[in-house]
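S.K.: Okay, handing you the structure first.
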Amino acid sequence: MSLRLPGRITVERASSATGLQPVEHEILGEMASSLGHAGRRVEQALAKLAEDEAGLEGEAREKRLRAVAAAVQAYFIQRELCGMRRHDDVVREMGIPRRVLARLGAR
């Protein structure tokens, strides 16, 4: 996954205004990498939940749901740190179940 600067910020303006353009570029790359890693963790956790759903009961099921909720929460936090505040599209795209969202306090 790659991340590019918004169209209104040009490389010339960013580098001349602050002199930190290479550092800012590196930070944006790290943010994108972290966001991608967190997203993959959610996808893996959701896949594992779907595989084990029928066979899990009681405490094992609760433990799996907590693990998925933790991965989703970390992903949401990473998205917010990148400036993405709305998660509705991601919830729909990834198919995050309501029972997982309920553990995060969503309604």
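The values are calculated or read from the model by the stated rules, or taken from the named source; none is laboratory data. Everything quoted here is computed from the prediction, not taken from an experiment. A quick note on method: Cβ atoms are made from the backbone with ideal geometry, for glycine too, and the neighbour counts reach across all protein chains shown. Note: accessible area is taken over every heavy atom of the protein model, side chains too, but ligands, DNA and RNA are not part of it. Shrake-Rupley method; radii C 1.70, N 1.55, O 1.52, S 1.80 Å.
S.K.: Do you know which residues across segment 62-80 are more than 14 Å from Leu46 (Cβ to Cβ) and either surrounded by fewer than 12 Cβ atoms within 10 Å (Cβ to Cβ) or basic (Lys, Arg) (or both)?
M.R.: Lys63, Ile77, Arg79
S.K.: Filter segment 1-42 down to residues that are closer than 25 Å to Val91 by Cα and either assigned to a helix (DSSP H, G or I) or at pLDDT 90 or above (or both), then give me how many there are.
M.R.: 15
S.K.: When you go through (1) open to solvent by less than 70 Å² (accessible area, probe 1.4 Å); (2) of a type outside the set (D, E, K, R); (3) over 19 Å from Met84 (Cα atoms) one by one for Leu28, which number turns out not to apply?
M.R.: (3)
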